[in-house]
Each structure stands twice: as C-alpha cells, then as structure tokens.
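Before any comments, here is the structure.
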Amino acid sequence: MFPSGPSFRFPPRAVDELHDAVGWWTRADDEPWGGVGVMVLPVALAEARDWITGPFDRKRQLSWKSATDDLRRAVDSCGVHLRSELGQDLATVDDQARQLVTILSRPGAVDSAVNGWKSAPPAPAATFERLLARLVEPVVAAAAWRDLVDACQGNGASADNLGARRDLFRSLLSGAGFSPRTIGRALAGVLHDSSASATEVRVLLGDLDRDSISTWPRRDEAAGLDETARLALCERVLTTPPRDAHHTVWLVFGQAHMSRSNLNVGPVTFYIGPMVQAMVGQDGPGKEWVPAELRRADGWLRPEDIPTDDYLVFARVDLGQGRLADPVGDATSLARAIVSIAQFDTGTGNWVPWNGYLHTMDDRVTGSMAFHAPAPQMRIVASHDRTGDVLEDLSASLAPHLSPVPAAMREAIDVLRWWQEAGDQSNLPRVVLDVRVVEWVASLVGGGKWYKFLGQTWKQQWIRGRIRKHLFNTCAEAVRRPNAVEPEHRAKLESIHAKIQIYERSGSYTLRVDEALTALPSLRAIHPFHARIGRQLDTLSARLATPAAVEVWCGELEKDWTSQLNRLQRLRNALAHGGPASEASVETVAVFGRELARAALSVTLTSLVDGRGAVLAHEEIRANADAWRAGVPAAPDIATALFS
C-alpha cells in the first residue's frame, strides 16, 4: 500500500511510512517485513519455554541450543521502548538464555550442568512463563508501537530493522487479543487524517457520544489533526481498555443459498441477501422483527452499503455484553466455524467468506469495512506458461533416458511427485516431506546426514542466491511503482523496467540481474526515502556499496542460514519423533526447506538426464559457490563481487 489520504502531500513523510507499515488490509499484508525465517519474540519465547520444561538428554541438546539461540536473536531485535517496558523480566530471561547457550556449547556431557541451570533461582521455567504473561499486556504492544514510530521517524533504521519492529508489533497485538486487521485499519485511518476514522476511534474510546453525531463524515474528509495529535490518538487506541457494550457483527458469505429466509444457529442468525437489503432503514410500528442496528440508516449505515449480488447469505453474530478487544475477529471465527462444520458434512466448497463487516455496539453501527468478494486466485496466463518450452527442451535431453526408464530415473520421478504433492499441504506435513526429499538426495551424493549435506554443499549457493534474488526483486518492485515517484521520473522507470525484465515472443521473460545492479543508484535517487520501497532501496544500496560491504552482508546471511538450518532440523525431528513444534515456528522455516528441497532435487534430476550423476553435479555446485564466496573480499568492484 502506498500512502495517500486527505492530508497526504508528496513526498511521503515518516507518518506516511508508518501508515504503510500498519495498513493490514489483505493477505499480502500478512507477509513479514523483517525477512523470511525471522522468529518474533512471542513465538521464540514460547518455543524455548516448551523445550526447557521438558526432559533433557544428549539427543535433545542441539534442539535445546537451537531454540535458545532463536530466543536470543529475538531478544536482540527488541527496541528500546519495549526493553524499558519489560524491564527486569526481559533482562532475566535474556541472561538465563545466554547462560544456557554457553552450557550447551560445551563439548562432552552437559546433563548435570543443564539440570543445575534449571534448578538455580530464579527458576527459568517461572521467569520464561512470567515474561510470556507480560507479552499479552496492551501496554507492551504500545511500547512496541513506539519503537515502530521511532524507526519510521529516523533515517538510521534499515528496511530489515523497521520490518522487524513492524512484525513484532503485529505479533504482540495478536497476543493481546486485538485483531491486527481491525486495529491496523483504525490506525491507518487516523494516520491518514481521515475524519471518519478519527470520529470512529473517538466513539470507541468514549470521547464522543454516538447519538450526538447527526451526519457521519466522509472518509476523504480531513480531520485536521497534526502528526503529533494523530500519533497520540493511535497510542490511546492501543492502551485504552475496551468499553463495556453489547456487540453484534454482520458478515457475508458468497456463493451461498438457504431455502429459508433466516435461520438461527445459537448466537448466529443467517439471513438471505434480499431480506437484509429490505430491512435497512425499516423503523416504526410493526418493525420490531428488524434487528435494532438496521432500523436507523445514517452516515454509518446506508442501503447502498449492503451488497446486492446473487447468492449471498448474511451472518449476524450476537456476542452479547462485554469488554471485547476483538469483536470482529471473535465473530468471524464463530461464524466461519459453524459454516465449516456444515461444509464438513456436505463436502462442498461454496459459502465463500467475503471481506468486510459491520460492527455494532449497543444497537448502533460504530465500525465497518465495505463488503466485497475475495480476489480470485491468480493463475498464470496460458500463453505465458513456459511448460511447453521446457517440454521442447526435454524432447532432446530426456527422451533417450526413457526407453526403458532406468531405476534411478523412476525413483527420482517418484520423489518429484512427493515434492509436488507436499506443496498442496499445510506447513507441518510439508516440512517433513521436503526434508525427506533432501534426505533422498543426500543418500545419492554420499549417504551422510541431510543437514550436513546441505551445509557442505548448498550454504554458499543459498547466500549468493539470496543476494541476487533480493537485488532483482527490490529493483523490479521499484520499477512497478510509477505512482510512487514524481511524474517526471516515470519514463525513467519504464526504461529501466524494459532493461531488467525483457519480454520474449514466447510470452516468457528474461530477468537481468546485472541490469538491476546498474539501475540501483538511479532507482534509489528517484524513490522517496519514507516509503517501504525507498527504504529498501536505501538499505540495498548500502549493502552493495563496496565488496567489503557485500562480505559483511554474506556474514549476516550466513548467520541466518545457520539459524534456519538448525531450526529446520529441530522442528522436523519434533514433528517426526515428538517435541515442541508450533505452527508459527514451522512457518518460519517452511519456505527455507521448500526452496532447498527444490534446488537439490532440480540439480539431481538434471544430472540424471545429462549423465553427470548426482555426486558430480552437486560437487560442481559446491565448488563454484565456494569459489565465488572466497573471491568476494578481494573483488575489484561490485559487479565482479556478485557475478564472478
């Protein structure tokens, strides 16, 4: 999302960058900004707690160390406001984690030392549990908010550091019972200086009486708040306890049908679309059957706000009286759970949840998001699908090996099918299957442990790939943002786009990473700093300033590699043999494991086709990547450091 709003002026300022960071509107906004594979403090702390409260033996030593290392890295990413708020609770856990890492790093048996650490006062199990309890307090989320504000307001935070602040704030919001989507919408509206959003927030805070508002302001009207006032109002949203009220939430399901006009399932009442459309604004004698919140159509509720598409069913969720931090999230979970139970019996894929909601407090609409159908799943255009081109290449390379099909090729095809089928599963089984693919490749190459095979063969190749991929993707994103730059620079963006992504007649594209490197200085100069892509370009430019800077980046990525590989080993073993493995933790290594399994399998398949064999093919990968890494510090220029 790019900053806009009634008070926005180009170029964007820090408040606009902050708006971009909390504008969580779609599933794409759920993607972490701090980098794939980063564990936020609540996830790392819960995982470490689960390990240290279980039994310890030599077989679990590496898992204990990996979980504790993850915790240490998560603590290091905390900002000054969060550290101050958590105080001694965080400091004690950090100190105990350091002690445990030291013990687990010793050679030989460490059982007695670990048991001594577990029993030494204050008991680590208790201090870890106390810190976990602190992390769900709203004041802690507010402290993380202030760290995010500071990162946006300064020029010193890298894109990764700002992203880590954003991801941690989002995680703490969820832990405190808030809906990141709902809160993000409120914060973004206030930061936009939207009068409607500011009014909505003030009603929820109790500053304004809902009944005193005769005409609700439009969302494109400016509230007239300066940046200091906007930030103060945002922090009050995070720290003010929800007021006691009777809550109802309206949701919509598409491609849905009922033979009855309405149906009660506990606290959820389902209505067919035409009935809801007819009820809005129906007030007076004889209309008591109409839900109270629909009787009065005003600025918050108008007939045109109710969608009129065919086959819609509305769900009215009555949450009752209470102080609810996330009524929309609570209602959504309940309504979708009821529909899922019904679908489990029918086995159909209809009743698709729509985006949007109406939230009412004490029979008055106090918040809404426009109802709309979810975006259709993106599929590649048939003319841009290169499968036919690859088949043409295979007609010469693969065909001679298929009459008859050798045993090694049959086995490789079976493994390829595993990998493809794993892609349709959730992260937990997928990680196990992806590691199984790597185990098979490792058995062909030398028969050693799969994680040692990856470390010896693929580490430097992964580091090189990460740098090149990040360079290209950042520049490609920059050229696709013409509205994010001044009009006089848009022709330049088009020119760069044509150089780094060359369209072929077949419908495919040739990606030029070398041209992206050449274009980086221009893109950095064109894009304003206080936008996500501008800060990303600034961080990337610093990392690629000199070969020495590239070597520093390689060192940082090597730490990321070690952390993710150890975590992948720990979680795969826990899933396969028993042990702590939360879904949130597994999610942080799912992409890592998937990409490595794909790369190792791809090289193996190619080696079977061209006759080199898996051993030689992987040795070439290792030797080439190791030589590249060794040459980075002494490279005469950046192009040589990246592409030699």
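For the peptides 52-58, 532-538, residues were scored by their other Cβ atoms within 10 Å and the scores averaged per peptide; the highest-first order is 532-538, 52-58. What is the angle, in °, between the Cα long axis of helix 180-191 and the longest principal axis of the Cα atoms in the chain? Nearest 10 is fine, range 0 to 90. With both axes taken from Cα atoms, the answer is about 70 degrees.
For Lys59 and Ala370, the difference between the fully extended length at 0.36 nm per residue and the C-alpha to C-alpha distance is 106.6 nm.
Under the criterion of Cα pairs below 8 Å and six or more residues apart, the relative contact order for the chain equals 15 percent. Could you tell me which of rounded, prolate or oblate describes segment 527-644, using a ≥ b ≥ c as the square roots of the eigenvalues of the alpha-carbon gyration tensor, with rounded for a/c under 1.5 and, failing that, prolate when a/b is larger than b/c and oblate otherwise? Taking the square roots of the gyration eigenvalues as a ≥ b ≥ c, segment 527-644 is oblate. With an a/c value of 1.5 or above and a/b not larger than b/c for the gyration tensor axes a ≥ b ≥ c computed over the alpha-carbon atoms, segment 450-548 is described as oblate. Lys-Lys pairs in the chain that are eight or more residues apart or on separate chains and whose Cα atoms lie under 22 Å of each other come to 15. Packing here is the average count of other Cβ atoms within 10 Å per residue, and on that basis the peptides 271-277, 593-599, highest first, run 593-599, 271-277. In the list (1) 85, 69, 56; (2) 92, 67, 66; (3) 82, 68, 45, the label attached to Cα extents along the principal axes in Å as derived from the coordinates here is (1).
Pairs of Cα atoms under 8 Å, at least six residues apart: use those to get the relative contact order of segment 197-355, whole percent. That works out to 32 percent. Short-range pairs are left out: with C-alpha atoms under 8 Å and at least six residues apart, the relative contact order of segment 19-84 is 35 percent.
In sequence order, segment 65-70 has phi-based couplings of 5, 4, 5, 6, 4, 4 Hz under the Karplus curve 6.51 cos²θ - 1.76 cosθ + 1.60, θ = phi - 60°, and Gly or Pro positions carry x.
Rounded to the nearest Hz, the phi-derived 3J(HN,Hα) couplings of segment 245-262 under the Karplus curve 6.51 cos²θ - 1.76 cosθ + 1.60 (θ = phi - 60°) are 6, 8, 10, 10, 9, 9, 10, 9, 10, x, 6, 10, 8, 9, 7, 9, 6, 8, where x marks glycine and proline. Per-residue Karplus couplings for segment 407-423, computed as 6.51 cos²θ - 1.76 cosθ + 1.60 with θ equal to phi - 60°, are listed in order as 4, 4, 5, 4, 5, 5, 5, 4, 5, 4, 5, 4, 4, 5, 5, 4, x Hz, Gly and Pro entered as x. Computed about the Cα centre, the dipole magnitude for the chain is approximately 1300 debye when only Lys and Arg (+1) and Asp and Glu (-1) carry charge, each at its Cβ. Enter the angle in degrees (range 0 to 90, nearest 10) between the Cα long axis of helix 427-445 and the first principal axis of the Cα atoms of the chain, meaning the one along which they spread out most. Relative to the chain, helix 427-445 is tipped by roughly 10 degrees. A helix-only calculation puts the chain at -19000 deg cm²/dmol for mean residue ellipticity at 222 nm, using -39500 (n - 2.57) for each DSSP H run of at least four residues, averaged over all residues. The calculated FRET efficiency for the pair Gln277 and Ala498, based on their C-beta separation and a Förster distance of 56 Å, comes to about 0.70. Does segment 176-222 come out rounded, prolate or oblate, given a ≥ b ≥ c as the square roots of the eigenvalues of its C-alpha gyration tensor, rounded meaning a/c under 1.5 and, failing that, prolate meaning a/b above b/c? Taking the square roots of the gyration eigenvalues as a ≥ b ≥ c, segment 176-222 is oblate.
Here Thr562 and Arg9 are evaluated by their C-beta separation; at R0 = 51 Å the FRET efficiency comes out at 0.65.
For the chain, the longest principal axis of the C-alpha atoms and the axis of helix 583-610 are separated by about 40°.
Each value in this text was obtained by applying a stated rule to the coordinates, not by laboratory testing. The structure presented is a predicted model; accordingly, all values stated were derived computationally and were not measured. Reconstructed Cβ throughout: ideal geometry from the backbone, glycine too, with neighbour counts over all protein chains shown.
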